[in-house]
Amino acid sequence: MPDAILGTYVPSDSGEALALDAACSQGGALRLSFRRPTFHARASGYPEHVILTARLDGRLVGTLAVAAKPVDFLGRPARAAFAFDLRVHPEARGRGLARDLAREGLEWARRHADLTYAYTVDDNRAASRVCALMGLADVGGYAYLVCPSASLPPPAEAAQEVPYEEAHAAFCAAVGPFDLHAGPGFHAGSRGYEGSWLLRNPSGVAACSAFSHRATLAEVVEELPAPLRAARALADAGLPWPRRWPRLPRDGEELRSWYVFDVSASRPELGADLVRHVAGEARRRGIDWCHVVHTGRDGWLRAVRTDLPRLFSPVLRYRLLLRRFDGDPVCRLERLHVDVRDL
């Protein structure tokens, strides 16, 4: 069979790349696909980026995007290259295309950055193997709590909407300093930015922000996990549905969701009240799900989870894979700031 031809994406490739993306649903028990206006819309959120392509007999069968950006790494300014949108058509797998794309992406990253990283779903062993071949080490990770906005009660105390800089400063003061940090610098009108909130009273302070990928990378349900499919079937059959249980999406339906990020709280009850407030704001804007981003060391998380029906509120975990280009060993990153654009 002919070898793949690697190249660089141009906007006229979007139609083929969208078809490839549709053929590569993501996830395990919960399978998602993505709805995009153009394939390059996501990458365009990073000023410096490249999208690599692989073709067989002229047909687009693989992509990989890499974006370079300024970060703080282990207390010093640096440049990081984030790798994403690795896709190989199911019919073209087993030919080493992911490895070849990753190798080209690594060389681009080396020319533009001091380190490179990627995120993978916790159980995505194939992506982890490709990253390991490129010298990326497992150094940490993050998770998000799926939070049905209908399931949270009203807050005991309302939060105040504030500029992003104010909420981010409160987050950094409470959680930092970070081993890896990349603040995107949102402002009113920034693509995807939905708002920031602060809750302050004599007992402490809590802060967070919200972001939506809907304009560039809307999530579409391909298949729900078996327990949720069973619950949906019972609801369709007329089972009484508790008021605080969410309506479950149909196959092919877009998830209307926010990522709630940069969450901090000096007291667990303040964090729970803040998330309740944001969930209420999400409901008012027609958002059904809040994905609450955390790194596993957040004391407010347990307080939030006590409000939620566990069947509809899984925790989805992702691993951070990273390589330094200076040859120094890679340590585990205990304090990770997650750039919400990467999710």
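Please treat every number below as a calculation from the coordinates, not as lab data. Computed from a predicted model, the values in this text were never measured in an experiment. In this analysis, Cβ positions are derived from the backbone assuming ideal geometry, glycine residues included, and neighbour counts consider all displayed protein chains.
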Fill in: Extent along principal axes [Cα atoms of the chain; Å; largest to smallest]
63, 55, 33
Worksheet item: Of the residues Pro202, Pro242, Pro70, which exhibits the maximal mean-square fluctuation in a Gaussian network model of the chain defined by a 10 Å Cα contact cut-off?
Response: Pro202
Worksheet item: Hey, can you rank 95-104, 13-22 by average C-beta count inside 10 Å, highest first?
Response: 95-104, 13-22
Worksheet entry | FRET E, pair Asp326, Ala158, Förster distance 41 Å, beta-carbon r, rounded to 0.05 | 0.30
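Hey, got the dipole for the chain? About the Cα centre, +1 on K and R Cβ, -1 on D and E Cβ, debye to the nearest 20? Can you show the working numbers first?
Details: 44 positive and 41 negative charges, 112 e Å.
For this selection, approximately 540 debye.
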Worksheet item: Taking only the alpha-carbon atoms of segment 134-212, what semi-axes of the equivalent ellipsoid follow from 5 times the gyration tensor eigenvalues under a square root, in whole Å, largest first?
Response: 25, 17, 16
Worksheet entry | Label point distance in nm, Arg200-Trp245, each placed 7 Å from Cα along Cα→Cβ | 4.2 nm
Worksheet item: Suppose every K and R has +1 on its Cβ and every D and E has -1 on its Cβ; what is the size of the dipole of segment 1-123 about the Cα centre, in Debye to the nearest 20?
Response: 120 debye
Worksheet item: Spin-label point model (7 Å from Cα, Cβ direction): what's the Arg99 to Glu166 distance in nm?
Response: 5.4 nm
Worksheet item: Once you put a point 7 Å from the Cα of Leu316 and another 7 Å from the Cα of Glu269, both along the Cβ direction, what distance in nm separates them?
Response: 3.3 nm
Discussion item. Every cysteine in the chain with no other Cys Cβ under 4.7 Å from its Cβ, please list them in numeric order.
Written reply: Cys24, Cys131, Cys172, Cys208, Cys331
Worksheet, complete the sentence: Taking only the alpha-carbon positions of segment 73-132 as identical scatterers, the Debye log10 I(q)/I(0) at q = 0.21, 0.25, 0.28 Å⁻¹ comes out as -0.89, -1.12, -1.25
Worksheet, complete the sentence: The Rg/Rh figure for segment 101-163, Cα atoms and Kirkwood Rh, to two decimals is 1.23
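Please arrange Cys331, Cys131 by how many other C-beta atoms lie within 10 Å of their C-beta, fewest to most. Let's see the in-between values first.
Working: Cys331 13, Cys131 27.
In increasing order of surrounding Cβ atoms, one gets Cys331, Cys131.
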Worksheet item: From a point 7 Å beyond the Cα of His187 in the direction of its Cβ, which residues of segment 127-170 have a backbone N at a distance under 12 Å?
Response: 164-165
Fill in: Stokes-Einstein D (µm²/s) once Rh is taken as the Kirkwood radius of segment 18-86 over alpha-carbon pairs, at 25 °C in 0.890 mPa s
176 µm²/s
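Neighbouring Cβ atoms within 10 Å as the yardstick, rank Ile51, Ile5 fewest first. Walk me through the numbers before you get to the answer.
On the way: Ile51 24, Ile5 11.
Lowest to highest Cβ neighbour count: Ile5, Ile51.
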Worksheet item: Could you list, bin by bin from short to long, the percent of Cα-Cα pairs of segment 1-150 in 10 Å steps?
Response: 10, 38, 37, 13, 2, 0
Response to the item:
Ranked from fewest to most other Cβ atoms within 10 Å of their own Cβ, Trp300, Trp245, Trp108, Trp258 fall in the order Trp245, Trp108, Trp300, Trp258
Worksheet item: If you find the alpha carbon centre of segment 306-336 and of segment 287-303, how far apart are they in angstrom?
Response: 13 Å
